[in-house]
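The values are calculated or read from the model by the stated rules, or taken from the named source; none is laboratory data. Computed from a prediction, not measured in an experiment: that's the story for all the values here. Positions of Cβ are backbone-derived with ideal geometry, glycine not excepted, and every protein chain shown enters the neighbour counts.
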């Protein structure tokens with residue numbers, strides 16, 4: 001049931017068995033299905049869809065016409081751009097081999113997982129079962145068919161990593177060497193990165209980026 005502090009537009013369709021947290025706004029023509037859980041201070045944009053049992057953390061933004069199919073999990077602070085789609089079926093068919101119409105129980109739904117703070121650009125498509133890491137950024141129009149590392153910026157069809165981004169979402173700047181190596185490498189083989197907006201520092205080792 002919706003919290004008394006939630007704001008739900010009259011044209012939205014929020015199932016009475018869904019949970020909608022305090023401070024959340026559900027805009028016109030959005031649909032929140034049964035058993036979905038929407039956290040506090042979220043924004044569900046016009047025409048967005050939240051499938052049965054989908055779980056949204058706090059301060060999640062689903063922009064207009066974003067489609068989130070079950071059993072997706074979106075952690076705190078996730079952004080999903082306009083008309084982005086989180087799918088749940090690796091081998092979609094309308095009918096089975098006998099020609100009978102397939103129903104919800106006729107396949108193993110595999111949800112997309114979006115980790116804390118990550119963003120998905122407009123009209124991106126995330127294939128069933130992928131995980132997008134913490135604070136990662138999926139470019140508009142990308143097709144993501146495999147997991148995205150924390151802090152990675154991916155783009156294209158299929159999506160590939162182009163850069164690293166920080167928590168502010170801006171591409172990180174590679175830092176000069178510190179006297180132990182060259183071209184941004186320290187003596188331990190790590191590569192140092194810095195956010196131009198926040199000055200937060202990051203270290204890359206073996207293709208994995210972590211915040212210092």
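Might you check whether a residue that is closer than 30 Å to residue 24 by Cα, at pLDDT below 95 and in the same structural domain as residue 144 (by TED's automatic domain parsing) occurs anywhere in region 69-86? Within region 69-86, not a single residue is closer than 30 Å to residue 24 by Cα, at pLDDT below 95 and in the same structural domain as residue 144 (by TED's automatic domain parsing). For region 135-161, a residue qualifies if it is surrounded by fewer than 18 Cβ atoms within 10 Å (Cβ to Cβ) and either under 9 Å from the mean Cα position of the chain (by Cα) or in contact (Cβ under 8 Å) with a residue 40 or more places away in the chain (or both), and the qualifying residues are 140, 149. If you check residue 2 against the conditions, is it modelled with pLDDT under 95, buried (at least 16 other Cβ atoms within 10 Å of the Cβ) and more than 25 Å from residue 146 (Cα to Cα)? Yes, satisfied. For region 98-111, does any single residue satisfy the condition of being part of a loop (DSSP other than H, G, I, E, B), touching a strand residue (DSSP E or B) at 6+ places or on another chain (Cβ under 9 Å), surrounded by 18 or more Cβ atoms within 10 Å (Cβ to Cβ) and in the same structural domain as residue 7 (by TED's automatic domain parsing)? Scanning region 98-111, I find at least one residue that is part of a loop (DSSP other than H, G, I, E, B), touching a strand residue (DSSP E or B) at 6+ places or on another chain (Cβ under 9 Å), surrounded by 18 or more Cβ atoms within 10 Å (Cβ to Cβ) and in the same structural domain as residue 7 (by TED's automatic domain parsing), so the answer is yes.
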